[in-house]
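The structure appears right after this line, and notes come after that.
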Amino acid sequence: MANNGDNNAYWAANKRIIGISLVIWFVVSFGFGILLRPVLSGIAIGGTDLGFWFAQQGSILVFLVLIFVYAAKMNKLDKEHGVDE
Amino acid sequence: MDQFTLNLLVVGATFALYIGIAIWARAGSTSEFYAAGRGVHPVLNGMATGADWMSAASFISMAGIIAFGGYDTSAYLMGWTGGYVLLAMLLAPYLRKFGKFTVPEFIGDRFYSQTARTVAVICLIIASVTYVIGQMTGVGVAFSRFLEVSNSTGLFIGAAIVFMYAVLGGMKGITYTQVAQYVVLIIAYTIPAVFISLQLTGNPIPGLGLFSDSVATGQPILQDLEGLLSDLGFKSYLAQSDTTLNMFLFTVSLMIGTAGLPHVIVRFFTVPTVKDARSSAGWALVFIALLYLTAPAVGAMARLNLINTFYPNGTSEAALSLAEIEAGVDAQGNDVNWVNNWAKTGLLSFDDKNGDGAITYANGDANELTVNRDIMVLANPEIAQLPGWVIALVAAGGLAAALSTAAGLLMAIASAVSHDLIKSQINPNISEKGELMAARVAMAVAIAVATWLGLNPPGFAAQTVALAFGLAAASIFPAILMGIFSKRINNKGAVAGMLAGLITTIVYIFLHKGWFFVASTASFSDADPLLLSIKSTSFGAVGALINFIVAYLVSNATEEVPADVQELVESIRIPRGAGSAIDH
């Protein structure tokens with residue numbers, strides 16, 4: 001059984017990974033898809049602009065990658081801290 | 001073989017499959033009934049989650065909403081998928097480690113409060129019951145259009161099927177049936193889309209076809225569509241017409257509402273380990289994305305096909321004439337029988353107001369065609385003149401989507417009643433056998449109530465979906481999140497926060513939609529809302545923020561969380577030991 005100090009380090013590392021993932025999650029959907037769409041309007045893609053693509057497809061593709069990368073990183077972290085099953 | 005026989009064969013075959021699974025997957029214990037014995041493989045759980053999540057609204061309505069709403073409706077696409085990122089990282093793994101059966105149980109234990117548990121049960125029941133009405137009406141519509149039985153007969157058949165596998169098998173029966181239903185619904189959704197994408201763009205992948213050039217004009221199809229819409233005076237497909245603030249908050253509300261819907265969360269209680277809970281959320285999104293990446297293509301292409309049907313020679317030439325609709329074929333020899341077929345259902349109507357013998361489709365007073373947006377998926381194969389078996393498949397797919405979601409919701413309601421009310425508050429000494437019987441009875445009652453509501457849908461049925469997402473976003477999601485990520489939020493803070501989020505959200509919705517959805521009592525409208533440009537459907541995000549602030553302030557002003565509860569929080573953050581929770 002891991003001690004308390006190690007559990008705290010594990011939790012801090014988990015929160016750091018979540019933080020980075022959620023920044024990317026926010027940027028591709030709320031950022032590129034909504035708030036920054038006017039900024040990206042110059043970049044044409046398939047009859048429309050990059051912001052439209054992110055809002056309708058790009059964000060979903062990035063969400064998929066994010067979850068699997070998170071799961072892989074956490075599996076590694078679980079092992080490093082000896083809290084895996 | 002005529003279309004009716006074909007529909008009957010395909011739908012009958014899928015129903016036989018579901019019943020076979022029901023008999024195979026009977027539940028023998030409460031663990032099997034509530035959590036499928038926690039033995040479901042993460043990929044299969046992902047598939048079941050996909051079917052659980054993708055309702056009649058996703059299958060039948062979403063592409064139509066996109067077809068008529070364009071860019072603004074991207075909020076649905078991002079919101080209903082982005083919630084899974086939150087589930088995978090912020091909720092699912094820790095709730096699986098907690099290792100109990102229901103969402104109210106977690107809230108009750110973490111905030112050491114029966115009041116908190118009861119508030120969570122109330123939110124769960126309101127959210128799930130409102131949601132289930134839509135599924136039951138969807139079942140009725142699909143039956144009456146494709147199988148030529150009355151709406152109510154269709155509803156009874158659907159309810160009988162759900163009864164068989166949900167009451168017999170509980171979560172175990174539901175899970176394995178949902179896997180089969182996912183396969184049926186995704187095939188039914190993508191096959192017509194592939195055909196249509198090939199016809200229009202030559203690209204077999206609809207998601208790529210959406211951004212490709214048209215075979216007919218050589219231009220990108222989105223530009224073709226934009227041009228036609230502008231000719232007919234409709235609003236732009238590509239430009240934003242909603243305010244940025246409202247679109248932002250609507251997307252937030254749908255995302256955290258998705259993550260907070262109890263029938264989705266409990267799916268992650270069924271996998272063996274914490275590791276599986278994380279990857280299962282990823283697999284769920286893979287299976288959901290297969291439909292959600294296709295939906296915007298279906299929407300845009302169906303709108304394009306609709307306009308081309310009514311203006312076979314372009315918008316500057318004559319529109320489709322009444323004589324052509326009557327004959328079921330236009331001057332170019334295209335089959336337009338679908339117009340009459342769907343006019344019979346009332347989902348499409350036309351009226352030659354100016355008496356020129358043709359049907360004008362345009363924005364404004366000159367318009368003579370009314371199209372229900374649900375047609376965009378249901379009639380899509382007919383509009384694109386696809387073979388009969390594809391039409392039969394769409395019928396089976398719509399039914400699979402509605403039945404699988406209904407079963408998941410009924411499961412959430414039944415376990416809240418038997419586990420969170422009867423076992424926890426009314427009769428704590430109930431035996432496992434007694435609880436299992438109570439769960440089965442609760443399930444049967446829930447199905448009866450849902451069927452009755454499906455037969456007599458309240459006039460406000462469509463609007464209550466906003467209520468379901470608003471409640472999940474404003475009360476359940478923040479409570480679970482704070483329960484895991486903060487050791488400082490105590491019982492008083494959690495209850496005050498949940499009630500504050502819940503009440504402000506309900507009041508805001510009622511102010512705009514009318515008290516208890518009686519339209520005449522509304523003080524504001526979504527066109528001109530109370531706060532800035534925030535529509536009532538987008539208020540869940542604000543309600544969640546209020547919940548967080550109130551919970552934080554009240555907790556800081558009152559006592560610390562007891563040591564044993566702090567230990568509980570420590571333990572759910574660490575994956576090791578989740579397997580042993582199987583036999584708790």
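Are any of the residues in the range A:32-42 under 24 Å from B:Ala284 (Cβ atoms) and more than 10 Å from chain B (Cβ to nearest Cβ)? Yes.
The number of residues in the range B:265-282 that are open to solvent by 10 Å² or more (accessible area, probe 1.4 Å) and part of a helix (DSSP H, G or I) comes to 4. Condition test on B:Val417, is it open to solvent by 10 Å² or more (accessible area, probe 1.4 Å), of a type outside the set (S, T, N, Q) and under 30 Å from B:Gly46 (Cβ atoms)? When the stated conditions are applied, B:Val417 passes them. Screening B:Arg26 against (1) in a helix (DSSP H, G or I); (2) farther than 19 Å from B:His263 by Cβ leaves a single unmet condition, (1). Return yes when B:Leu531 is more than 14 Å from chain A (Cβ to nearest Cβ), free of Cβ contacts under 8 Å to residues at least 40 places away in the same chain, in a helix (DSSP H, G or I) and aliphatic (A, V, I, L, M) and no when it is not. Judged against the criteria, B:Leu531 is not a match. Which one is farthest from A:Lys15 (Cα to Cα), of the residues in the range B:490-507 that are open to solvent by 10 Å² or more (accessible area, probe 1.4 Å) and of a type in the set (A, V, I, L, M)? Going through the qualifying residues, I end up with B:Val507. Quick one: count up the residues across the range B:218-247 that are at positive phi and open to solvent by less than 30 Å² (accessible area, probe 1.4 Å). Number of matching residues: 0. Listed by first and then second residue, the pairs linking a residue in the range B:81-102 that is more than 9 Å from every other protein chain (Cβ to nearest Cβ) to a residue that is among the basic types (Lys, Arg) and outside any helix (DSSP H, G or I), with Cβ atoms under 9 Å apart and 6 or more places separating them unless they lie on different chains, are B:Tyr94/B:Arg573; B:Lys97/B:Arg573; B:Lys97/B:Arg576. So which of A:Gly19, A:Gly51, A:Gly46 is touching a strand residue (DSSP E or B) at 6+ places or on another chain (Cβ under 8 Å) and without any contact (Cβ under 8 Å) to a residue 60 or more places away in the chain? None of the others qualify; the one that does is A:Gly46.
In this structure, does B:Phe250 turn out to be open to solvent by less than 20 Å² (accessible area, probe 1.4 Å), under 29 Å from B:Gly543 (Cα atoms) and touching a residue at least 60 places away in the same chain (Cβ under 8 Å)? No: the conditions fail for B:Phe250.
Scanning the range B:121-141 for residues that are open to solvent by 10 Å² or more (accessible area, probe 1.4 Å) and over 14 Å from the mean Cα position of the chain (by Cα) gives B:Ile122, B:Ile125, B:Ile126, B:Val141.
Go through the range B:70-116 and report how many residues are under 30 Å from B:Leu348 (Cα atoms) and open to solvent by less than 10 Å² (accessible area, probe 1.4 Å).
7
Name the single residue, out of those in the range B:236-264 being within 12 Å of another protein chain (Cβ to nearest Cβ) and of a type in the set (Val, Ile, Thr), that is nearest to B:Ser55 (Cα to Cα). Per the stated criteria, the residue is B:Thr258. Checking each residue in the range B:312-358 for being within 34 Å of the chain's Cα centre (by Cα) and assigned to a loop (DSSP other than H, G, I, E, B) picks out B:Val336, B:Gly346, B:Leu347, B:Asp351. Residues in the range A:43-85 that are open to solvent by 60 Å² or more (accessible area, probe 1.4 Å), among the acidic types (Asp, Glu) and facing chain B (nearest Cβ under 7 Å): A:Glu85 only. Just to verify a result, which residue in the range B:548-562, among those that are among the hydrophobic types (A, V, I, L, M, F, W, C) and part of a helix (DSSP H, G or I), is surrounded by the most Cβ atoms within 10 Å (Cβ to Cβ)? It comes out as B:Ala551. Hey, among B:Val167, B:Val194, B:Val179, which residue is under 19 Å from the mean Cα position of the chain (by Cα) and assigned to a helix (DSSP H, G or I)? None of the other options fit; the residue is B:Val179. Can we say B:Ser475 is of a type outside the set (Phe, Trp, Tyr), surrounded by fewer than 18 Cβ atoms within 10 Å (Cβ to Cβ) and either more than 19 Å from B:Gln135 (Cβ to Cβ) or modelled with pLDDT of 85 or more (or both)? So B:Ser475 does not fit the description; no.
The residue that is modelled with the lowest pLDDT, counting only those in the range B:563-584 that are among the small types (Gly, Ala, Ser) and surrounded by 12 or more Cβ atoms within 10 Å (Cβ to Cβ), is B:Ala581. The lone criterion from (1) buried (at least 24 other Cβ atoms within 10 Å of the Cβ); (2) in a helix (DSSP H, G or I) left unmet by B:Gly12 is number (1). Taking each residue of the range B:335-352 that is open to solvent by less than 50 Å² (accessible area, probe 1.4 Å) and looking for partners that are in a strand (DSSP E or B) with beta-carbon atoms closer than 6 Å, six or more apart or interchain, yields B:Trp342/B:Leu348; B:Leu348/B:Val371.
With respect to the conditions (1) facing chain B (nearest Cβ under 10 Å); (2) at pLDDT 95 or above, A:Val23 falls short on a single one, namely (1).
Name the residue, out of B:Leu291, B:Leu285, that is within 19 Å of the chain's Cα centre (by Cα), assigned to a helix (DSSP H, G or I) and more than 10 Å from every other protein chain (Cβ to nearest Cβ). On inspection, the qualifying residue turns out to be B:Leu291.
The values are calculated or read from the model by the stated rules, or taken from the named source; none is laboratory data. For clarity, every value in this text was computed on a predicted model and none was experimentally measured. Backbone-built Cβ (ideal geometry, glycine too); neighbour counts: all protein chains shown. These accessible areas exclude ligands, DNA and RNA; they are computed on the full protein's heavy atoms, side chains included. Shrake-Rupley method; radii C 1.70, N 1.55, O 1.52, S 1.80 Å.
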